[in-house]
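Visitor: Here you go, one structure.
The values are calculated or read from the model by the stated rules, or taken from the named source; none is laboratory data. None of the values given here were measured: they were computed from a predicted structure. Heads up, the Cβs are rebuilt from the backbone with ideal geometry, glycines too, and the neighbour counts pull from every protein chain shown. Please note that ligands, DNA and RNA were not included when accessible areas were found on the heavy atoms of the full protein model with its side chains. Shrake-Rupley method; radii C 1.70, N 1.55, O 1.52, S 1.80 Å.
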Amino acid sequence: MFHLKRNPAYMSLYKLICIGFLYEVPDMDSLPVGLAGKGELYFNGGMSVLKVVDLKKSYRTGFFLTSTEVLKGVSFELEPGTITGFLGGNGAGKTTTMKCLLGLCFPDSGQIEYFGKPGMSSEVKSKIGFLPERPYFYDYLTGEEFLLFYGQLSTNLSRSALKSRISDLLKRVDLSHAKSRLLRGYSKGMLQKVGLAQALIHDPEFVILDEPMSGLDPDGRHSMAQLIEETARQGRSVFFSSHLLHDAQQLCKNLVILAGGQVVYEGATESFLLDMDSGIEVTCFSNGKLERHNFQNNEGVQNFLRTALNEGKVVQAVQPVRRSLEQAFVDKALRAGDRS
Amino acid sequence: MKSTLVISLNTFREIIRDRILYGLVVFAILLISVSMLLGQLSFAEQIRISMNLGLTAIHLGTVVLSVFVGSTLVTKEIDKKTIMTILARPISRTQFILGKALGLSLVNLVVMSGLSVVLAGVLYFLGADLKPIFLLALVGILLEGMLLLGITLLFSTFSTSIMVVTFTMGVFLIGHWLESMQFFAEKSETVSFIFFQQLISRVFPDLEVFNWRAHAVYSDRVSAEEITYAGLYAFGWFILTIVLTSLIMRKKDFA
């Protein structure tokens, strides 16, 4: 004769299933990101694309689960319709910040707001495109299948409308010829391009790119830079992390620089470089020799010019000494990182 | 629901395009063929031996698929970081897990159906009179595969692929030994052994609940109550493991 209690595990199993269904677990994906950790709900009526306030995150690592604070109160804000570079040395916390922004990591505290509203809902996710660092995609899919998969996950477009969009995107990233090839046959540059296409498949308002030019040859970097510029020209906001400062200098209107888990600069790229000006250089010709003199202020330059002209020197150029972003970055970010 | 379906179809495509699956299918077909040869060793029991070995081959194939392929379903996504681009989309972690589970369950169903057709063809060739109990034995295998898949997914949220396979195979072996352990515990006077038997019988699933292979071989009857219980038992465990997997996934940092 059969009995429901034939196996003693049955009743405990039944109870556990009931607990599983009845216990209303808060959906972490629908919670405001700030609430996912210890943070508080934070409302803001601002129109920035992204606002990050006092984001903190630590990981427990090693055998004794020692806590390592990776983000020590990161705050910044992004203007709509601009390209913002996210710079920082290795281990500065760039990727952790991006993962917190995308709900892949839960911050210990702090607030993240998208489009003036707190939280990471499905609606917000559908407005964001993301390309991860060193993208490993499903290599058993062809380029077209890959984009169709992400398109079906992100939009409600019909299959035919989606296929037409995929065709346009593949044309834009110059991969139409490889649409039927498996991704395992793609080169690094092609993977980055198809990765960018998947980030744009659902026509997002805001695109987050983690090291999009890492590992690309000069031609690939140029091509990716053009695609990023084109993306921004279409009215999208782009936030990309990079350690290739030359590319960031060319592309980004604004910069957020991270060092030791803290923001050490937030503002316009031009202002950052101006702040980092290291004086004025005067070039003159005297006794058949070319001389270069550096001055820290205008007064020094004027005094020198008066004397030089009186002495019959030929002044060839007076110009500000502007360092490259690379030099400025090393000065500001890495030194700040050392102090923290 | 749409996102879950999209994930499950992609998972199905991923496994179908994997060479491991074809190796497994070839192995199972070889085993079914061997069952036909071994059956010829016995004149009277030829069909029974062939059916028994054939069903065992399908059972092993389903278990290997659920445990070995299942162990890489989530861990591979985390290791290769493909999960990041997925979870950055408007899809919840629960939908992702459900999609993965449904995708592999669909592969289980397709592979098992294919192997069953091969076995049924072999048995028909040998002149067997296939009864509904044969189909029921296959349903039992499928239910066991589903339960093991749920356990595999649960382990894969906090362990590496190798450890997941080790843990789940442990559950598989214990699950089939529970009845034998109960038998020995009833004869035993050792208090600690009886306590241990009672403890593990409450923690581990009893996988013999789904074993109707002997019933199929000897054309024994299985009561409707037993079938209902087995169905509820398998779905109960599957739902429980998926709920627990989702709870763990919801709190997981993808660092």
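Visitor: Based on the Kirkwood radius over alpha-carbon pairs, what is the Stokes-Einstein translational diffusion coefficient of segment A:71-139 at 25 °C with 0.890 mPa s viscosity, in µm²/s?
Guide: The diffusion coefficient I find is 178 µm²/s.
Visitor: Now, a different point. Tally up the carbon and sulfur contribution to the accessible surface of segment A:33-273 as a whole percent, 1.4 Å probe, everything protein left in place.
Guide: Using a 1.4 Å probe with all protein chains present, segment A:33-273 comes out at 49 percent carbon and sulfur.
Visitor: Okay, next question. For segment A:109-262, with only Lys/Arg (+1) and Asp/Glu (-1) charged at the beta-carbon, what is the dipole magnitude about the Cα centre, in debye rounded to 20?
Guide: In total the dipole reaches around 340 debye.
Visitor: Output the direction-averaged projected area (hull surface divided by four) of the convex hull of the alpha-carbon atoms of segment A:33-273, in nm².
Guide: Values: hull surface 54.8 nm².
Mean shadow area of the hull around the Cα atoms is 13.7 nm².
Visitor: Also, I was wondering about something else. When you look at the Cβ of every residue in A:135-142, what mean number of other chain Cβ atoms sits within 10 Å?
Guide: 5
Visitor: Next question. Under Stokes-Einstein, with the Kirkwood radius over Cα pairs standing in for Rh, what whole-number D in µm²/s applies to chain B at 20 °C and 1.002 mPa s?
Guide: On the way: Rh = 19.5 Å.
It diffuses with D of about 110 µm²/s by this estimate.
Visitor: Right, something else. Once each part is reduced to its C-alpha centroid, what is the distance from segment B:1-51 to segment A:87-102 in angstrom?
Guide: Their Cα centres are 46 Å away from one another.
Visitor: Could you give the dipole magnitude of segment B:23-93 about its Cα centre, charging the beta-carbon of Lys and Arg +1 and that of Asp and Glu -1, in debye to the nearest 20? Intermediate results must be reported in sequence, preceding the final value.
Guide: Numbers: 6 positive and 3 negative charges, 83 e Å.
Here the size comes out at about 400 debye.
Visitor: For a protection proxy built on the mean count of beta-carbon atoms within 10 angstrom, sort A:236-247, B:144-155 highest first, please.
Guide: The packing order, highest mean first, is B:144-155, A:236-247.
Visitor: Can you give me the orientation-averaged projected area of the convex hull built on the Cα atoms of segment B:120-244, in nm²?
Guide: That works out to 9.9 nm².
Visitor: Separate question: Which of B:200, B:135, B:150 sits closest to the plus end of the dipole of segment B:109-255, meaning its Cα is farthest towards the positive end, when Lys and Arg get +1 and Asp and Glu get -1 on the C-beta?
Guide: B:150
Visitor: Here's a follow-up. Across 10 Å bins from 0, what is the distribution of all Cα-Cα pair distances for segment A:54-105, in whole percents?
Guide: Result, from short to long distances: 21, 49, 23, 6, 1 percent.
Visitor: Once the convex hull of the alpha carbons of segment B:68-109 is built, what does its volume come to per residue, in cubic angstrom?
Guide: Value for segment B:68-109: 61 Å³ per residue.
Visitor: With viscosity set to 1.567 mPa s at 4 °C, what whole-number translational diffusion coefficient in µm²/s follows for the protein assembly as shown from Stokes-Einstein and a Kirkwood radius over Cα pairs?
Guide: The diffusion coefficient I find is 46 µm²/s.
Visitor: On to the next question. Pick out, in residue order, every one of the GluC sites (Glu not before Pro) in segment B:154-247 that is DSSP loop and has at most 10 other C-beta atoms within 10 Å; say none if there are none.
Guide: Here the GluC sites (Glu not before Pro) that fit, given the DSSP loop and packing criteria, are B:189.
Visitor: Further question on the same structure: Taking only protein heavy atoms and a 1.4 Å probe, what accessible area per residue, in Å², does the protein assembly as shown have with all protein chains in place?
Guide: Value for the protein assembly as shown: 47 Å² per residue.
Visitor: Test of the criteria: in segment A:132-165, which trypsin sites (Lys or Arg not before Pro) are in a DSSP loop and have at most 10 other Cβ atoms within 10 angstrom of their Cβ?
Guide: The qualifying sites: there are none.
Visitor: On to the next question. Looking only at Cα atoms, what is the convex hull volume of segment A:199-274 per residue, in Å³?
Guide: Dividing the Cα hull volume of segment A:199-274 by its residues yields 106 Å³.
Visitor: While we're looking at this one, here's another question. Take the Cα radius of gyration of segment A:96-189 and divide it by 2.2 N^0.38 Å, with N its residue count; two decimals is plenty. Write down the numbers at each step before the final one.
Guide: Values: Rg = 15.9 Å, N = 94, 2.2 N^0.38 = 12.4 Å.
That works out to 1.29 for segment A:96-189.
Visitor: Please report the spacing between the Cα centers of segment B:160-187 and segment A:236-309 in Å, no decimals.
Guide: Each part's Cα centre sits 69 Å from the other's.
Visitor: For the pair B and A, how large is the buried accessible area, both sides, in square angstrom to the nearest 100, if the probe is 1.4 Å?
Guide: Approximately 4500 Å², summed over both chains.
Visitor: Give me the percent of the accessible area of segment B:2-250 that comes from carbon and sulfur atoms, probe 1.4 Å, all protein chains in place.
Guide: Answer for segment B:2-250 is 71 percent, counting heavy atoms of protein chains only.
Visitor: About the Cα centre of segment A:91-158, what is the dipole size in debye to 20, counting +1 per Lys and Arg Cβ and -1 per Asp and Glu Cβ, all else neutral?
Guide: Details: 6 positive and 7 negative charges, 48 e Å.
Here the size comes out at about 240 debye.
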